[in-house]
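Accompanying notes for the structure given below.
Every number in this text was worked out from the coordinates using simple rules, so none of it is lab data. Nothing here was measured: the structure is a model prediction, and the numbers come from that model.
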Amino acid sequence: MNRQLSEAVWLNDAVCDIEHLAEVSGLSISEVNDLVDIGVIVPSGRPAGTVVFQLCQVLTVKRARRLRDDFQLDHHGVALALTLIRRIGELQAELDVLRHPGAR
């Protein structure tokens, strides 16, 4: 398994709490909660009774803070920008598959 794949597997399996997301991103807990309320990040729901997030959400909240700071966006602007960035990534992946069908 190459390094990039092993890191992706590790990030998908690990979980963290909302305080950790706030701490590593530079956002407040309230701002992270806003991203949850808008649906930009989604709790994984494990373990029972607590709200946890996949560790890969750290990348999303860090990007949210950069967008907020660099472009002085409010939480709705950040949510829109993150949604568009995610959709562009999905479309790029689809385009890559269409351009190189045997690569997968």
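For a quick check: with amide H placed at 1.01 Å from N, whose amide H comes under 5 Å from VAL15's, ignoring anything fewer than 5 positions away on the same chain?
Counting only residues 5 or more places away or on other chains, the set is LEU55.
Which whole-Hz couplings ³J(HN,Hα) result when phi for each residue of the stretch 61-67 is put into the Karplus expression 6.51 cos²θ - 1.76 cosθ + 1.60, θ = phi - 60°, listed in order with x for Gly and Pro?
For the stretch 61-67, the Karplus-derived couplings read 5, 5, 5, 4, 5, 5, 4 Hz, x marking Gly and Pro.
Note the per residue figure in Å³ for the convex hull of the C-alpha positions in the stretch 56-99.
Here the figure is 67 Å³ per residue.
What does the C-alpha gyration tensor say about the overall shape of the stretch 3-103? Classify as rounded when a/c is under 1.5, otherwise prolate if a/b is larger than b/c, or oblate.
oblate
Taking amide hydrogens as modeled 1.01 Å from N in the peptide plane, which residues meet the under 5 Å criterion relative to VAL52, leaving out close sequence neighbours?
SER44, GLY45, ARG46
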